[in-house]
Amino acid sequence: MPWYFKLALVACISALLLSACGGRGPTPTPEPSLAAQSSPAPSNTPEEVATPSLESELPTMETDLLPTGEIGDLLPTEEGSELFPTEEDGDLLPTGENGDIFTGEETEDLSGLGEDTGEFSGTEEPLQFQPTPADIPLGQPGNPLVLGVVTNSGQNPELLDNSLILASQLSELTGYSIDAMEVNTTTDLLNGMQLGAIHMAWLQPFTYILASRRDYAQVALVTKHFGVYAYGMQFLANANTELTSYFDTNTNQNTADATEALAQFADLRPCWVDELSASGYVAPAGYLAINQVTTQSPLFMQSHTAVIRALYVGGICDFGATYAVYGDPRTAETLQQDIPDVLQKVMIVWQSGEIIPNLNFSFQSEVPAEMVEKITTTLMDYVLDQNGLDVVNAATGYEIDDFQQVDDSFYNPLRELLQYSRVNLRTLVGK
């Protein structure tokens, strides 16, 4: 039976199960960095997580991984396929002719970026930021430190309300004047950081990679979520195929390196989650490229559980990828109800380490070091109290257990996978 008939069969089976269960069918599984993720935390996760490393899998590059300099110089590629846009293609966040961080002028109209990222419809006017007072020191009344809050064009107003509470309490604890500012989209947030009008923000990993490359932001803290500070991905396959598992479920360790384990995927068809998924597409595509494994054209299933269902049925794709380390989507309630033998029928072939950082707290690059240190230390102490932790969770919409101080190198493994995956970083803004 052709794969596309089997894919249709999966959809039919899901529809029948939905009807039989009174509407309790499978729901799309979000990327696990979102607060809605319900996968259980691992039982033996260390409190401190070292900087992720891919030394055994990633080649040493002759040039810097993400060089600065002229926009568009990151990766020489075939014409029209640059990983990052060139000036001619429409730079995402231009720095201005004189290179100033803040000019007091309106930012470039980036509404077209919404079509790439899916952030919004593009109907809103670009946000205009007010000039910073030149005669008032930063952090004093009249020139506060500003925490940027993305409300998705007002769809999440509670994030601003709770961020104002957080800003007020940080003001009392640090002695600095701190305020919160609503922005419609992540693009607006990055523009505000570029101009020096926004000084602090919560950033997802790919958004931070872009902001740091453009020297708009510097990470200070990464959040602990479901017991870890970064999560991973895993390659899966139907246990009845001729593919070999190189993962020991008793020790939760790989039994071979990525080169050996992934070579067997050559010329096979993958099932990915979607083109914006860190663990369900970008990272696994990067691993395959690093190990020079060429596959057939992929199928995008739109959720982690859908990838597993396709592998369970068989014949749709040969292997797939989902998130891992602080949860296993095979244990999702809907899958356990519908296909209770899924853990036996869908096997882990190989699993990465903790390579995808959780939500972080970053500062605009021009914020003085003493301010960064004082606010960072205050935040780490603040979440030790449950009331403080509750305020932070309400201000982010994210389930945070704790913070850990990290530097920019914490993102190097994901940067390298992104480079090899050749996914356009502009499409990942907000992720």
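The values are calculated or read from the model by the stated rules, or taken from the named source; none is laboratory data. Not measured: the values here are computed from a predicted model. Note: ideal-geometry Cβ built from the backbone for every residue, glycine included; neighbour counts use all protein chains shown. In case anyone asks, the SASA skips ligands and DNA or RNA and just uses the protein heavy atoms, side chains included. Shrake-Rupley method; radii C 1.70, N 1.55, O 1.52, S 1.80 Å.
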Problem set entry | Residue list for the stretch 189-205, restricted to those being surrounded by 24 or more Cβ atoms within 10 Å (Cβ to Cβ) and not in a strand (DSSP E or B) | Leu189, Leu190, Asn191, Met193, Gln194, Leu195, Ile198, His199, Pro205
Exercise. Among the residues of the stretch 338-396, how many are among the β-branched types (Val, Ile, Thr), within 29 Å of Asn240 (Cβ to Cβ) and touching a helix residue (DSSP H, G or I) at 6+ places or on another chain (Cβ under 8 Å)?
Worked result: 4
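Specify which of the listed residues (Val222, Val228, Val183) is more than 16 Å from the chain's Cα centre (by Cα), closer than 28 Å to Leu414 by Cβ and touching a residue at least 40 places away in the same chain (Cβ under 8 Å). Spell out how you get there, then give the answer.
On the way: Val222 fails: more than 16 Å from the chain's Cα centre (by Cα); Val228 fails: more than 16 Å from the chain's Cα centre (by Cα).
Testing whether each residue is more than 16 Å from the chain's Cα centre (by Cα), closer than 28 Å to Leu414 by Cβ and touching a residue at least 40 places away in the same chain (Cβ under 8 Å) leaves just Val183.
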Exercise. Looking only at the stretch 163-175, which residues are open to solvent by less than 40 Å² (accessible area, probe 1.4 Å) and either over 24 Å from Thr151 (Cα atoms) or in contact (Cβ under 8 Å) with a residue 60 or more places away in the chain (or both)?
Worked result: Ser163, Leu166, Leu170, Thr174
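Considering only the stretch 210-262, state which residues are part of a loop (DSSP other than H, G, I, E, B) and touching a Gly at 6+ places or on another chain (Cβ under 8 Å).
Phe226, Asn240, Thr241
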Exercise. When you scan the stretch 279-299, how many residues do you find that are buried (at least 17 other Cβ atoms within 10 Å of the Cβ) and either more than 20 Å from Met347 (Cβ to Cβ) or among the hydrophobic types (A, V, I, L, M, F, W, C) (or both)?
Worked result: 9
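Return the only residue of Gly327, Gly353 being small (Gly, Ala, Ser), within 22 Å of the chain's Cα centre (by Cα) and open to solvent by less than 20 Å² (accessible area, probe 1.4 Å).
Working: Gly353 fails: open to solvent by less than 20 Å² (accessible area, probe 1.4 Å).
Answer to the check: Gly327.
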